[in-house]
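Take a look at the structure set out below.
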Amino acid sequence: MRPKHRIGLLFVMVGLLFGLTGCGRTDMSVFDPAGPVAKMELSVIMTSVYIMTGVFIVAMAILVYVLIRFRRRKGQDLPPKQVEGNNWMELTWTIIPLILMGILAVPTVSTAFALDQKQTGPNTMNVTVKASQFWWQFEYPDLGIVTAQALHIPVGTKVNLKLETTDVMHSFWVPRLAGKTDLIPGRVNTMWFEASQPGEYQGKCAEYCGPSHGVMDFVVIADTPQQFQAWVQKMKNPQVQPTSAQAAEGEKLFAQNCATCHAIAGTNFKGVLGPDLTGFADRPKVAGVLDNNPTDVEKWISDPAAIKPGTKMPKLPLNQQQISALSAFLEGLK
Ligand code: HEC
Ligand SMILES: [Cu+2]
């Protein structure tokens with residue numbers, strides 16, 4: 001290799017090494033499973049990593065051995081003696097991979113079937129996930145609740161998910177709880193997962209779906225059973241009365257500008273084109289990506305496409321005072 005090429009190769013290698021630093025994000029690491037499904041999947045991943053590492057080491061050892069042992073020596077003729085066919089070796093390198101494939105197939109197939117089963121019995125729950133460009137709706141058919149962007153589940157409960165999309169393909173992915181499942185137009189896919197510890201688990205859309213695919217974030221909030229019951233009660237009897245004159249002004253503006261797309265339980269706002277805003281103040285994020293505080297809510301309302309290019313929420317002709325009033329109304333929805 002020419003020195004110039006060597007330097008080029010060095011740059012490529014260093015670049016690839018930097019690429020690996022992306023693996024440092026721990027809140028979305030498959031290697032830190034937080035529930036039984038993610039644990040089963042990790043064990044399949046590790047089985048194949050161990051097998052592949054073993055194969056790599058053995059194959060490289062043979063390669064190095066052959067390179068050294070069969071180097072051309074002084075006085076040797078070219079071409080060397082040609083040999084062909086060796087039944088013993090052919091059999092070895094057919095049978096060993098077959099055995100390795102078998103070892104990998106058993107846990108892969110049994111895990112795949114276990115994860116495909118709808119979970120029944122006590123400590124199970126059903127949720128329907130509906131994805132739209134670029135947000136997530138979560139419906140609890142047995143509880144009569146609808147929410148968006150943040151999926152509450154009780155810890156230690158197996159959650160059966162039905163996955164649907166209202167537009168293009170998306171993919172539901174919460175790395176610490178379970179692998180990806182696609183949401184495909186005209187189809188209902190299913191999966192289940194469970195969180196073993198209370199906490200927040202970051203989720204992302206994992207199938208390119210348009211300009212804001214990269215910020216199609218959501219979160220799974222695993223509550224203790226008591227916290228979950230309290231949340232359900234709040235969602236069923238939400239606080240919707242404006243708590244200040246400014247919030248009352250915001251409610252009026254909401255009826256005029258926003259209610260065609262947004263629903264709020266306990267009011268006559270019933271729009272379905274955008275996320276249900278019941279209990280909005282308790283959501284950790286606005287639109288899945290901004291912090292939920294008055295400043296960021298105002299930032300969202302004043303220009304949604306600046307945060308999420310391609311969003312279906314329009315920029316409405318509102319002045320600062322009106323935007324603040326709307327934010328005050330929304331931050332009162334508990
Ligand atoms: C044409 C339909 C439409 C109208 C009108 C509309 N929105 Fe939206 N809104 C959406 C959509 C769609 C989203 C989801 C955006 C995303 O996350 O990609 C959204 C998201 C939001 C969110 C974030 C919700 C969450 O769960 O994080 C808030 C808050 C919001 N809208 C408030 C408003 C307010 C206030 C108005 C009126 C000034 C309004 N919207 C008007 C469609 C609309
Ligand atoms: Cu997407």
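The values are calculated or read from the model by the stated rules, or taken from the named source; none is laboratory data. All of these numbers come straight from a predicted model, not from anything done at the bench. Every residue, glycine as well, gets a Cβ built from its backbone with ideal geometry; the counts of neighbours run over all protein chains shown. Calculation scope for accessible area: heavy atoms of the full protein, side chains included, ligands and nucleic acids excluded. Shrake-Rupley method; radii C 1.70, N 1.55, O 1.52, S 1.80 Å.
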### Query
Under a GNM of the chain (C-alpha, springs under 10 Å), which listed residue has the highest mean-square fluctuation: PRO317, PRO284, PRO304?
PRO317
### Message
Just to be sure I understand: with springs between alpha-carbon atoms less than 10 Å apart, which residue in GLY274, GLY54, GLY75 has the highest mean-square fluctuation in the Gaussian network model of the chain?
### Response
GLY75
### Task
Quick one: among ILE95, ILE145, ILE45, which has the greatest mean-square fluctuation in a GNM of the chain with alpha-carbon springs under 10 angstrom?
ILE95
### Task
Find, among the trypsin sites (Lys or Arg not before Pro) in the stretch 1-104, those assigned to loop by DSSP (not H, G, I, E, B) with at most 12 other beta-carbon atoms within 10 angstrom.
ARG25, ARG71, ARG72, ARG73, LYS74, LYS81
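What's the magnitude of the charge dipole for the chain around its Cα centre, counting Lys and Arg as +1 and Asp and Glu as -1 at the beta-carbon? Answer in Debye, nearest 20.
1480
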### Task
Enumerate by residue number the chymotrypsin sites (Phe, Trp or Tyr not before Pro) in the stretch 175-213 meeting two conditions: DSSP loop (anything except H, G, I, E, B), and at most 13 other Cβ atoms within 10 Å of the site's Cβ.
TYR208
### Links that overshoot a 19 Å alpha carbon limit, given the list LYS204/LYS285; LYS270/LYS312; LYS39/LYS180; LYS204/LYS236; LYS130/LYS180; LYS234/LYS299
LYS204/LYS236; LYS234/LYS299
#### Entry: Largest-first ordering by accessible area, 1.4 Å probe, given options THR111, THR53
THR53, THR111
#### Entry: Unit charges on C-beta of K, R, D, E only; dipole of the stretch 1-75, Debye
1060
## Note on the structure
Note, the stretch 160-168: 3J(HN,Hα) by Karplus (6.51, -1.76, 1.60, θ = phi - 60°), whole Hz, Gly/Pro = x, goes 7, 10, 9, 10, 10, 10, 9, 9, 9
### Task
Kindly point out which whole DSSP H helices in the chain project their C-alpha atoms 20 angstrom or further along the helix axis while averaging a Kyte-Doolittle hydropathy of 0.0 or above.
3-20, 36-69, 87-116
### Query
So if we plug the beta-carbon distance of VAL49 and ILE7 into 1/(1 + (r/R0)^6) with R0 = 30 Å, what FRET efficiency do we get, rounded to 0.05?
0.40
### Query
Which of the GluC sites (Glu not before Pro) across the stretch 1-110 are loop residues per DSSP, with 12 or fewer other Cβ within 10 Å?
GLU84
